[in-house]
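*Asks:* Following this message is one structure expressed as structure tokens.
The values are calculated or read from the model by the stated rules, or taken from the named source; none is laboratory data. This one's a predicted model, so the numbers in the text were calculated from it and none came from an experiment. Cβ: placed from backbone, ideal geometry, glycine included. Neighbour counts: every protein chain shown. These area figures cover heavy atoms from the full protein model, side chains too; ligands, DNA and RNA do not enter into them. Shrake-Rupley method; radii C 1.70, N 1.55, O 1.52, S 1.80 Å.
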Amino acid sequence: MVDEYSRECLAIHVSRSIPSVDVIAVLERLRAERGLPRVLVTDNGSEFTSRTFDAWGYARGVKLDYIQPGKPIQNCFVERFNGSLRDECLSTHWVGSVEHARMLIEIWREDYNTVRPHSSLDDLTPAEFVIHETTSEEKAFATTKCGDAQE
């Protein structure tokens, strides 16, 4: 799962198969940690088009935005991210088990978020960008709050 705004990889779920209940579990974990997005862009995989997933999105107020079948360019951020994950992690390691894959992929995800700057983020890492944006929003809110208090 990639945040299009910050380019931050919020989660990678590693398993032999990923049914909708597993996707929902990851999203619920993220909801507890950070909240949910207003819109979730997905492909048309069965894990995203199930009644269970649709009901979850409706109950949580998350709009599910499906790309057109056969049009991965409509989800270009995730497609590019997946290409980087394949090229830089999956193609460079021999993986012996799901647990081993989870460990390697989590190390790569942490590096992606905290070490690698992105030109689209003014050469900040996604983690730095999130901190910068949060600090800017808090400053803007504090400034607005002070301005309101003075009026």
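*Asks:* For the range 76-81, take each phi angle, set θ = phi - 60°, evaluate the Karplus expression 6.51 cos²θ - 1.76 cosθ + 1.60, and give the result in whole Hz per residue in order, putting x for glycine and proline.
*Replies:* Calculated HN-Hα couplings, in order: 5, 5, 5, 4, 5, 4 Hz.
*Asks:* Can you give me the distance in nm between label points at His93 and Cys76, each placed 7 Å from the Cα along the Cα-to-Cβ direction?
*Replies:* 2.9 nm
*Asks:* What is the sum of charges around Ala25, taking Lys and Arg as +1, Asp and Glu as -1, for the other residues whose C-beta is under 14 Å from the C-beta of Ala25?
*Replies:* -1
*Asks:* Within the chain, what's the longest run with no trypsin sites (Lys or Arg not before Pro) in a DSSP loop and at most 10 other beta-carbon atoms within 10 Å? Give the range, please.
*Replies:* Result for the longest clean stretch: 39-151.
*Asks:* Something else now. Provide Rg over Rh for the range 1-106; use the alpha carbon set for both Rg and the Kirkwood Rh (inverse mean inverse pair distance). Before the final figure, lay out each step's value.
*Replies:* Working: Rg = 14.3 Å, Rh = 14.9 Å.
Rounded to two decimals, Rg over Rh is 0.96.
*Asks:* As a test question: what accessible area, to the nearest 10 Å², does Val130 have when a 1.4 Å probe is rolled over all protein chains in place?
*Replies:* Rounded to the nearest 10, the figure is 40 Å².
*Asks:* Just to confirm a number: summing +1 for Lys and Arg and -1 for Asp and Glu over residues other than Val39 whose beta-carbon lies under 11 angstrom from that of Val39, what do you get?
*Replies:* Spelling it out: positives minus negatives among the neighbours equals 0.
*Asks:* Might you work out the accessible area of Ile24 for me, using a 1.4 Å probe with all protein chains in place, and round it to the nearest 10 Å²?
*Replies:* Its accessible surface works out to 30 Å², give or take rounding.
*Asks:* What FRET efficiency comes out for Lys63 versus Ser119 if R0 is 30 angstrom and r is the Cβ-Cβ distance? Round to the nearest 0.05.
*Replies:* 0.55
*Asks:* Just to verify a number: what accessible area does Phe81 come out at with the full protein assembly present, 1.4 Å probe, Å² rounded to tens?
*Replies:* Looks like 10 Å² after rounding.
*Asks:* Leaving out ligands, DNA and RNA, and with a 1.4 Å probe, what % of the accessible surface on the chain is carbon or sulfur? Present the calculation step by step, with values, prior to reporting the outcome.
*Replies:* On the way: 5400 of 10090 Å².
The nonpolar share, carbon plus sulfur, comes to 54 percent.
*Asks:* What is the sum of charges, Lys and Arg at +1 and Asp and Glu at -1, for the other residues whose Cβ falls under 14 Å from the Cβ of Thr92?
*Replies:* Net charge in that neighbourhood comes out at -2.
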